[in-house]
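Nothing in this text is a laboratory measurement; each read-out follows from the coordinates by a stated rule. Because the structure is a prediction, the values reported are computed rather than measured. Cβ: placed from backbone, ideal geometry, glycine included. Neighbour counts: every protein chain shown.
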Number of protein chains: 2
Amino acid sequence: MAKKTSARKNGRAKLDLRVVILAGGSGTRFWPLSRQQNPKQYLKIISEKSLIEETVNRLRGLVPPSRIYTIAVAGQTRILRRLLPRLPAKNFLVEPEARNTAPSLLLATATMYLKNPEAVVIALPADHFIKEVMDFRRKLILAAEAAWKFKKIVMFGIPPMSPATAYGYIHVTREKRQEIDGEEFYQVRGFREKPDLPTALEFIQSGEYYWNSGIFLWRADTFAEHLRDYAPELFSAWIKLLPALRRNDRREIRRLFLEIPSLSIDYALIEKIYGSLMSPGDFGWSDLGSWSALYDYLPEDEDCNVARGRLVSQESRNCLVFNPGKLTALIGVENLIVVNAGDALLVCRRDQDQKVRELVERLKREGPEYL
Amino acid sequence: MAKKTSARKNGRAKLDLRVVILAGGSGTRFWPLSRQQNPKQYLKIISEKSLIEETVNRLRGLVPPSRIYTIAVAGQTRILRRLLPRLPAKNFLVEPEARNTAPSLLLATATMYLKNPEAVVIALPADHFIKEVMDFRRKLILAAEAAWKFKKIVMFGIPPMSPATAYGYIHVTREKRQEIDGEEFYQVRGFREKPDLPTALEFIQSGEYYWNSGIFLWRADTFAEHLRDYAPELFSAWIKLLPALRRNDRREIRRLFLEIPSLSIDYALIEKIYGSLMSPGDFGWSDLGSWSALYDYLPEDEDCNVARGRLVSQESRNCLVFNPGKLTALIGVENLIVVNAGDALLVCRRDQDQKVRELVERLKREGPEYL
């Protein structure tokens, strides 16, 4: 059991930070690299390390490995332990079944609550990219302090770089805000899922809308109170989960877990809450939603080509090549995504990479051995 | 020793056909598939068989394996024997050193001459493609008969399909011709190497020019006489080669071989001869000079894509994919050549495949391990 502490040290609260990395995802947009058995968070797409390793490394010196947890189905534990050997074995939390984020985060937060109700839980997606790590770390610490101090759910909203229609947006009231060490936390006014293009353009122009990054912070006790006030049906599961977790009654934990609707935490809880806080996450965030997102974040050569693996190009520009450990030669081509992944090769126009999903759908019928 | 025979049987000469396959080539235009250790003739680019196997298979029933020879440097013998197990071991003729076609064909023809001076030697490149095999076989037999009967060198000229500037052209006089079984053999007037485009256009319009296919036929004794009359410096090597070959004096053979200038047989002999014959080779010939030539000769799907290996394409047209045994997915691309060859991958605009040679030159400096 962690020691409960709320004493301020050097004028700052000594926080009990507990990170939960949501490691259960199974994306298909990085096909042919991502496969059913090798989802995105395990891919080494931005460096020699997998995205989940990068996510943990980003916390170095901020949160000790003993307080970093993952949550995923049991089948993932072996690969997680191999990738993250510094985390204690008990920190690989197991979902009884692959479901959405609400059941996972209820289970994880209840686990933390038993250790310390005042612990600040940081829920991190496993497979995002953050370019400006130092900015991220500074903001994360201040956000944790805000979550602890104001007893609110704190989230990062990304200043939108385009009128994206694939993201959820957070609507804030700039006039209502809190502040810690000069860092501002705007009060959340509402949420909007995947707007159409004209709406997204309005959002951008208003300056009041941010992309929902999926990064949330809350005190465990705040989370419980919010469940009670805004999602009573989840709160009853929570109430029963605590003693089951204390007894480590796996059967009961499983039963309660499956009772919780398979919804996102956004939909099941956060969007219902009044008065949450949002910190503008201007730290070069990307959810790496597709191959072309990778193009935007990896360094490019003088012909604006981006490559993992050795590239020799002649009169070729604006291409993303992913072929680690091998040579790729480009002659006279532009705006292509080229991905070589063992038994499957993808060549795709860069502005059509959203169609990789359609292709994966087609392969479910025509070539499931490649999924 | 083969039995000498010139008797006509069923009104047709019973010919002693001896095929020599020039197997010593080392092309780079099929990089990354072709490598120094794996030149074009060994590649399985048009079928599950290598080009040299296809070349031999094309002769089935026409020339028995006992009369099919290859000529290449000693280092190639092992792979040749593996690919062509039906040929007797002694038929893998060895060049003392890799040189041009004149020394090779002198050596090979002298070898045949010792077996039968009236043997008709058919010199075949190892790495060409012929679509209409039945037409080729019929014409080949008649060309052999013409070579035997008229004691001329006979060659196939390909009716030009474009004003190609990369080929040599054969200029014929249509008025002067021979005939066998209705098949016409035009008298050769001259040769023109790689003309410029306006000249090539004139050639095509005149109807008197054909592409030089590199397929030649001659009686061994005719060859010797032509050497004597048109290339006396080669004839003196020939005169000395015969006894050295009879004694199997390898050192002397090597010495004489290296004395012969490293020139093409075209340049060293054939272009000097007056009165050779040319048969129009309208049997779907291609020298497979580059990847895009392959596109022209392999069957295409409904989107005009041509693939070796499994292809799944979305909104993609006119592409050549070479990725045998693996899956290739194309999304929104056109007119590409995609070749996956183990440690190296090529993506090239289809109309720029001649630049593969430049790329190979660059790799000599920047990545010789990929050659």
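Taking the label point 7 Å along Cα→Cβ, B:Glu179 and its counterparts in the other copies are spaced 10.6 nm apart, in ascending order. With an a/c value of 1.5 or above and a/b not larger than b/c for the gyration tensor axes a ≥ b ≥ c computed over the alpha-carbon atoms, region B:14-137 is described as oblate. Remark: A:Thr77, A:Thr101 ranked as A:Thr77, A:Thr101, counting other beta-carbon atoms within 10 Å and listing the fewest first. The Cβ shell under 10 Å around B:Asp282 holds other residues with a net charge of -1, Lys and Arg each +1, Asp and Glu each -1. With the simple spin-label model, which puts each label point 7 Å out from Cα in the Cβ direction, the B:Ile273 to A:Leu242 separation comes to 10.2 nm. Taking a ≥ b ≥ c as the square roots of the eigenvalues of the alpha-carbon gyration tensor, region B:12-286 is classed rounded because a/c is under 1.5. Here the Karplus relation 6.51 cos²θ - 1.76 cosθ + 1.60, evaluated at θ = phi - 60°, turns the backbone of region B:198-206 into coupling constants of x, 5, 4, 5, 4, 4, 4, 5, 5 Hz, with x for every Gly and Pro. Taking packing as the residue-averaged number of other Cβ atoms within 10 angstrom, the listed peptides A:308-320, B:17-29 run from highest to lowest as B:17-29, A:308-320. Which net charge results for the neighbourhood of B:Tyr69, defined as the other residues with beta-carbon distances under 10 angstrom from its beta-carbon, given Lys and Arg at +1 and Asp and Glu at -1? It works out to a net charge of +3.
Which of the three applies to region B:14-58, rounded, prolate or oblate, going by the alpha-carbon gyration tensor with a ≥ b ≥ c and a/c under 1.5 meaning rounded? List each step's numbers first, then the result.
Working: a/c = 4.15, a/b = 1.96, b/c = 2.12.
In terms of gyration-tensor shape, oblate.
Distances between copies of A:Pro88, taken at a point 7 Å out from Cα along the Cα→Cβ vector and listed shortest first: 8.2 nm. A point 7 Å from Cα along Cα→Cβ stands in for B:Glu315, and the other copies hold the same point at 2.6 nm, listed in rising order. Structure remark: mean-square fluctuation, Gaussian network model of chain B, C-alpha springs under 10 Å; the largest value among B:Val73, B:Val347, B:Val360 belongs to B:Val347. Taking amide hydrogens as placed 1.01 Å from N in the peptide plane, the amide H of A:Arg310 sits under 5 Å from those of A:Gly325, A:Lys326, A:Thr328, each at least 5 positions away in sequence or on another chain.
Please give me the summed charge of the neighbours of A:Tyr210: other residues whose Cβ is under 12 Å from its Cβ, Lys and Arg +1, Asp and Glu -1. It would help to have the intermediate numbers written out before the result.
Details: positive: A:Arg174, A:Arg189, A:Arg192; negative: A:Glu208, A:Asp282.
Local charge sum for A:Tyr210: +1.
Dividing the helix sum by the residues of chain B, where each DSSP H run of 4 or more adds -39500 (n - 2.57), gives a mean residue ellipticity at 222 nm of -9500 deg cm²/dmol.
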